[in-house]
Amino acid sequence: MPASGDTTTFKGSYPFKEIDEKWRRYWEDNNLHKTDFSKTDNKLFSLVMFSYPSGDNLHVGHWYAFALPDTWTRKKKMEGYNIFEPMGFDSFGLPAENYAVKTGIHPAVSIAENIKIIRRQLKEIGAMYDWTSELATSDPRYYRWTQWLFLNFFEKGKAVRKEAPVNWCPSCKTVLANEQVINGACERCDTLISRKRLKQWFLSITEYADRLLDGLDKIYWPEKTKTMQRNWIGRSEGAEIVFSEEKSGEKIPVFTTRADTLFGVTYLVLAPEHPLVEKLTAPDRKKDVDAYIARTQAISEIDRQSTVGEKTGVFIGSYCLNPINGTRIPVWIADYVLYSYGTGAVMAVPGHDNRDWEFATKFDLEIKQVIKPSNNSEIDLDKGAFTEYGVMTNSDKFDGEKSSSGMRKVAESLKSLNAGDFKVSYKLRDWLVSRQRYWGAPIPIIICEKCGDVAVPEDDLPVLLPDIVDFKPASDGSSPLAKSSEFVKTNCPKCGGEARRETETLDTFVDSSWYFLRYLDPEFEGGPWNPDLVRKWLPVDMYIGGAEHSVMHLLYARYFCMFLNDCGLIDFDEPFLKLRHQGMITNKGAKISKSRGNVINPDHLVSRYGSDTFRMYLMFMGSYAHGGDWDDSGINGIARFLGRVYRLVTQTTDSVKKIINVSYSNIKNNDHDLNYRLNLTIKRVGNDLDNLEFNTAVAALMELVNDLYKLMESKSKSSDLFHFSIKQLILLIAPMAPHLAEELWQMIGGKPSVFAQSWPTYDNSALRLATVTMVVQINGKLRGSFDVPVDCDEESLFELASNDERIKAHLEGRTIRKRIFVPGRLLNIVIG
RNA sequence: GCGAAAGUGGCGGAAUUGGCAGACGCGCUGGAUUUAGGAUCCAGUCCCGCGAGGGGUGGGGGUUCAAAUCCCCCCUUUCGCACCA
């Protein structure tokens, strides 16, 4: 096993150094990976999620994410597709900014350096990237259009400003990202965080909730990803019910999916952040209420949803009336109610909801039964809530209604009282895109005292990031951009009066929601994308990236497309027709990152084993969707295998030159085993690569090579079929080991590039076997196996089996109860 | 907590989707080889047992002629949870 950093060439390797360089130069010199956009027949846009150019550079996880999709794409190329495979950088974001705060190095500088290194590493992968399409989201030529797109949302009323809380460190006086909050405290100074309310920009993704759900039915995505998106959107049908405070008459709407339990409401709970809390708190309760609110501020929403911890809450000293019967009920606040979901208030029905039951039990609140089981059985509400559907009881004129019809009737009744209605609620919230940070696209809005929020005129885009030196957020919670008065001071485009610029920047998810559109011409000046090319080349045919993006990025990008489609800017509304995920590569069980100190540098492995060996080892490690923990102890096996392939070709040197001319139809074939193996391999490798099952594709090739080695010493070595098999092997291995395949292809007399060749097809007739091994079981246990003709029927196999000594012994003195025969597979004899 | 997945030899993983568990590779063992070595080629390698045979896919139960695969319960691990990207 190589010590890490050992770059001595593995002894069993082929001369990969020369080969890798030679072919990489060949591809580059001949512009082989430049897409011809005018050829749109059989177009295939193959996309991988672009990477953040961090100081970690590329690690093995990136190779895994990039090299293997390239193998899939190269196979498609050999199938005749006209390929577009771009690469770029998601270069705005927090890490570069943090690095700048620490070192004083401008993010633009560190990002440019990182990109330089990463670009060099990416080239070593040997992928078919069309580098003329490279883009970076922090490039003003890119973010000019991010801003332009934001203004489209703004002008259609879909970018709005609302108050929303941010994590606030009272000691550092800065806004913190969730990542910077550790156990409710600031990562730098350990001070407990609080929430600060700021007016921030939102994109109204919730308006698209139903379309985002419906669209899932027409795209080829993993079912689990669709499920996650459906759950994230979280559509639920129910009712909104309006309670009113007894003195002020203040309306408190709540959302419930169980309107049938309305008569069981014994208290109301508001989220601690609910704006009505202040108004409704009785003076004598103010001290307790304020103390409670302060306590909940440091608790994350995730922890608040936990059901293991003790329920907490306080009574705020006021009462409201149940609209259905006027019952007077107390109002509480509790952190198990989230302001971000529903209306931020719930009607508590402790008899029929678990969380309400726990809360009521702890605080000694009334528990009322209003639903009884459909089978009329007794329930004991002292032991817990009855949460199932049933029949309404203690509910006045609704008594006897089933839950389902009851919900409807209660809602209708409330509607006539003007105190509620049917309502669909979503877990999905509007997308907060404001960031109080430097390293992002400035939000192109001018705030004028007279005219309000005004869009920056299109001709003035991009709003360039000011060149400042202090990247720390300002102490009032505003963005570092606010410190540059030069940036802030401007005139209102409408009235011409003095105005100030919006100083917040856009969430980087905005940048990455449309990059696939920009790829087609990153230099295009006439708009965010070249409409001609976009019409021909989008949507993306295959998108590959990590499952960690299942909801946010993948939902935002879909939302963008739907919106752009509505604006008439594009003619499709789903960006990614087909989606696949790769698993995650961990190291010692942990996510790979510089901060954890477990980065594995692929450069060492590439220089010791070569690009193709490393790429193929990543394929062979396990199933692509699964990922796995990094361990390089098996890479010798792939190095050995590619060495064997290389020698297989060089050791047939006497006849090597004529190999290129053998064709299957002229072969006088008498080696049925090899013929079977060859055609089976073509079939398996093709299917496996289509399905991104690289590990088994490699295994299939190994089996073919093992068989060929077994024939090396025999006279078959010079047969046409043997030679043809080598030729096909080179084609099959090409997507996985592109540099080596080019070299071998040339060696057998082929003209480069091997990727201009057609993908091998298999001969189905060669796969039809004359004989097959069938198994005989007794009571499901294997007792014998027989080589029989493929069409062997039950009687013949049974006859054969009953003459077998071993099986005879098992059958002796027993009665046969049943026989199960599966043609071509097995016979199971069930005995008593 | 909620949502989504995963669990198979010493290790990474296969298994045509209910039909011979362990393909392929690593590691290990043995053999071959006058370039003696981190190379190459060949053979063996799930566990217990001399053997017949038995056991075996995280644990427990179930369905079935037949279960890694389907159903129920439990355990463990990973990913996401809206300001990391």
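The values are calculated or read from the model by the stated rules, or taken from the named source; none is laboratory data. All values derive from a computational prediction rather than experimental measurement. Neighbour counts are summed over all protein chains in view; Cβ atoms, including those assigned to glycine, are modelled from backbone coordinates with ideal geometry. Accessible surface is based on the protein model in full, side chains and every heavy atom, while ligands, DNA and RNA are left aside. Shrake-Rupley method; radii C 1.70, N 1.55, O 1.52, S 1.80 Å.
Things worth noting here:
- From the largest down, the range A:106-150 spans 36, 26, 13 angstrom on the principal axes of its Cα atoms.
- Its Cα gyration tensor gives the range A:226-359 an equivalent ellipsoid. The semi-axes, each the square root of 5 times an eigenvalue, are 23, 20, 13 Å from largest down.
- Rounded to the nearest 20, the size of the Cβ-charge dipole of the range A:487-611 about its Cα centre is 680 debye, with Lys and Arg at +1 and Asp and Glu at -1.
- Stretch gain in nm, segment A:Asn183-A:Glu18, where the contour uses 0.36 nm per residue and the Cα spacing is subtracted: 54.1 nm
- For the pair the range A:225-280 / the range A:313-338, the C-alpha centres are spaced 11 Å from each other.
- Hypothetical label at A:Thr586: residues of the range A:62-90 whose amide nitrogen lies under 20 Å (7 Å Cα-Cβ projection): A:62-65
- DSSP bridge pairs, chain A: antiparallel proportion in percent, nearest 5: 75
- Accessible area per residue, Å², the range A:611-734 with all protein chains present, probe 1.4 Å: 40
- Length gained on full extension, A:Trp131 to A:Leu432: 105.0 nm, using 0.36 nm per residue less the C-alpha separation.
- Cα convex hull of the range A:1-144, projected area averaged across orientations, nm²: 11.6
- Among the trypsin sites (Lys or Arg not before Pro) in the range A:575-663, those located in a DSSP loop and surrounded by at most 12 other Cβ atoms within 10 Å of their own Cβ are A:Lys588, A:Arg596, A:Lys657, A:Lys658.
- Charge dipole (debye, nearest 20) of the range A:727-789; +1 at Cβ of Lys and Arg, -1 at Cβ of Asp and Glu: 280
- Degrees between helix A:94-103 axis and first principal axis of chain A (Cα, 0 to 90, nearest 10): 80
- Column: log10 I(q)/I(0), Debye, Cα scatterers of the range A:104-233, q = 0.09, 0.12, 0.16, 0.18 Å⁻¹: -0.53, -0.96, -1.26, -1.18
- Estimated FRET transfer efficiency (A:Asp303, A:Asp210; beta-carbon r; R0 41 Å; 0.05): 0.85
- Among A:Ser403, A:Trp537, A:Leu428 the positive-end extreme of the charge dipole of chain A (Cβ point charges): A:Trp537
- Semi-axes of the equivalent ellipsoid for the range A:592-696, computed as √(5λ) from the eigenvalues of its C-alpha gyration tensor and ordered from largest down, come to 35, 19, 10 Å.
- Charge dipole (debye, nearest 20) of the range A:1-118; +1 at Cβ of Lys and Arg, -1 at Cβ of Asp and Glu: 280
- Near A:Leu642, once Lys and Arg are set to +1 and Asp and Glu to -1 for all other residues with Cβ below 14 Å from its Cβ, the sum equals +3.
- Size descriptor, Kirkwood hydrodynamic radius, that averages inverse alpha-carbon separations across chain A, Å: 31.9
- Per residue, the Cα convex hull of the range A:40-124 amounts to 92 Å³.
- Extending 7 Å from Cα along the Cβ direction at A:Glu246 and again at A:Glu310 yields two label points whose distance is 2.9 nm.
- Acute angle (nearest 10 degrees) that the helix A:354-363 long axis makes with the longest principal axis of chain A, alpha-carbon atoms: 40
- Nonlocal amide H pairs with A:Trp630, under 5 Å, H built at 1.01 Å: A:Thr586, A:Asn587, A:Lys588, A:Gly589
- Comparing Cα centroids, the range A:104-137 and the range A:578-608 end up 18 angstrom apart.
- Relative intensity, log₁₀ I(q)/I(0), of the range A:779-832 from a Debye sum that treats every alpha carbon as a point, q = 0.19 Å⁻¹: -0.61
- Acute angle (nearest 10 degrees) that the helix A:552-566 long axis makes with the longest principal axis of chain A, alpha-carbon atoms: 80
- Taking every Cα-Cα distance in the range A:342-468 and sorting them into 10 Å bins starting at zero, the pair-distance distribution P(r) comes out as 10, 24, 22, 11, 11, 16, 7, 0 percent.
- Extension gain (nm, one decimal) between A:Asp460 and A:Ser593, 0.36 nm per residue minus Cα-Cα: 43.9 nm
- The Cα-based radius of gyration and maximum Cα-Cα distance (Dmax) for the range A:717-825 are 23.3, 70 Å.
- Inter-part distance where the range A:748-778 and the range A:411-432 are each reduced to a Cα centre, Å: 61
- The equivalent ellipsoid that matches the C-alpha gyration tensor of the range A:345-414 spans semi-axes of 21, 15, 9 angstrom, in descending order.
- Taking the charge dipole of chain A about its Cα centre, with +1 at Lys and Arg Cβ atoms and -1 at Asp and Glu Cβ atoms, the residue from A:Tyr143, A:Ser54, A:Ala741 reaching farthest to the positive side is A:Ala741.
- Built from the Cα atoms of the range A:480-634, the convex hull projects on average onto 14.5 nm², one quarter of its surface area.
- Residue-normalised accessible area of the range A:182-253, given per residue in Å² at a 1.4 Å probe: 53
- Against the rule of thumb 2.2 N^0.38 Å, how large the Cα Rg of the range A:4-80 comes out: 1.42
- Three principal axis lengths of the range A:424-469 [C-alpha, angstrom, descending]: 44, 31, 21
- Distant-in-sequence amide contacts of A:Ala185, defined by a placed amide H-H separation under 5 Å and a gap of 5 or more residues or a different chain, comprise A:Ile193.
- Cα-projected label distance for A:Ser475 with A:Glu378, points at 7 Å along beta-carbon direction, nm: 6.9
- Spin-label model distance (nm) - A:Asp41 vs A:Val790, 7 Å beyond Cα toward Cβ: 3.6
- Across the range A:44-58, coupling constants 3J(HN,Hα) worked out from phi with the 6.51/-1.76/1.60 Karplus curve, θ = phi - 60°, read 9, 9, 10, 10, 10, 4, 5, 10, 7, x, 7, x, 5, 6, 7 Hz, and Gly and Pro carry x.
- Altogether, the Stokes-Einstein calculation at 37 °C and 0.692 mPa s, with the Kirkwood radius of the range A:422-521 over Cα pairs as Rh, returns a diffusion coefficient of 215 µm²/s.
- Longest DSSP-loop-exposure-free segment, GluC sites (Glu not before Pro), chain A, at most 11 other Cβ within 10 Å: A:1-309
- Using the Cβ-Cβ distance between A:Ala112 and A:Asn30 with R0 = 30 Å, the FRET efficiency computed as 1/(1 + (r/R0)^6) comes to roughly 0.55.
- Residue (of A:Pro323, A:Tyr336, A:Val289) at the positive-pole extreme of the range A:263-379, dipole from beta-carbon charges: A:Pro323
- Entry for the range A:526-566 at q = 0.18, 0.27, 0.32, 0.33 Å⁻¹: log10 I(q)/I(0) = -0.66, -1.07, -1.13, -1.13, Debye formula applied to identical alpha-carbon scatterers, no solvent contribution.
- Projecting the alpha carbon convex hull of the range A:502-586 along each direction and taking the average yields 7.3 nm².
- In this structure, A:Asp566 and A:Ala291 have a Cβ-Cβ separation that, at R0 = 60 Å, corresponds to a calculated FRET efficiency of about 0.80.
- Taking all C-alpha pairs of the range A:371-445, those more than 17 Å from each other amount to 66 percent.
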